Amino acid sequence: MKVSHVPLRVTIGAFFLNSGLSKRTLEGEAAQGLHGRAVGAVPQLKHLDANRFARLLSRAETALGVALLTPFVPSALVGLGLAGFSAGLVQLYLKTPGMREAGSLKPTQQGTVLAKDIWLLGAALTLVLDDLTRRRPA
């Protein structure tokens, strides 16, 4: 891991680790609400039980957080994981009614919470591109 990647990976990794761990015991109405929002963006998820979805999401966020915090995991690899995850969050923003002003990508007050996730996609692409394009000794 490049030293310049440390601040980005630690801050995002800690955020994901905390988010994943906080969802470990999510069940019932809370899991159903989370699942319902996800199904709105990715209809294929409707076949997944809400409690199972919450557990899988918890594990995915925890694993991504740990990978980001682990120095020997290549930045390109964790960047790809983060890109996939953040692309899902951007899709959630784009497909959830009421998140954007009509005919625009500009977020509503309610949509700002999800619109900010575009930064995660930018950070992910930075990690991938920087890791893949840095000069290698000949």
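Structure notes:
- Tilt relative to the chain, helix 6-22 - C-alpha long axis, 0 to 90 degrees, to 10: 30 degrees
- Length gained on full extension, K95 to S4, computed as 0.36 nm times the residue gap minus the Cα-Cα distance: 29.3 nm.
- Under 5 Å from the amide H of R100 lie the amide H atoms of T108, each residue being 5 or more positions distant or on a separate chain, with H modelled from the backbone and absent for Pro and chain starts.
- Counting other Cβ atoms within 10 Å as a rough exposure proxy, the listed residues F16, F53, F72 run F72, F53, F16 from fewest neighbours to most.
- The mean sequence separation of alpha-carbon pairs under 8 Å and at least six residues apart, normalised by the residue count of region 1-55, gives a relative contact order of 38 percent.
- The relative contact order of region 9-138, computed from alpha carbon pairs under 8 Å that lie at least 6 residues apart in sequence, is 26 percent.
- Listed from fewest to most Cβ neighbours within 10 Å, the set E27, E61 follows the order E27, E61.
- For the chain, the 222 nm mean residue ellipticity estimated from helices alone, with every DSSP H stretch of n ≥ 4 adding -39500 (n - 2.57) and the total spread over all residues, rounds to -22000 deg cm²/dmol.
- Each Lys and Arg contributes +1 and each Asp and Glu -1, all at the Cβ; summed about the Cα centre of region 3-129, the dipole is approximately 60 debye.
- Helix 50-69 and the longest principal axis of the C-alpha atoms of the chain enclose an angle of approximately 20°.
Each value in this text was obtained by applying a stated rule to the coordinates, not by laboratory testing. All of these numbers come straight from a predicted model, not from anything done at the bench. Here the Cβ is made from the backbone with ideal geometry for all residues, glycine too, and neighbour counts use every protein chain on show.
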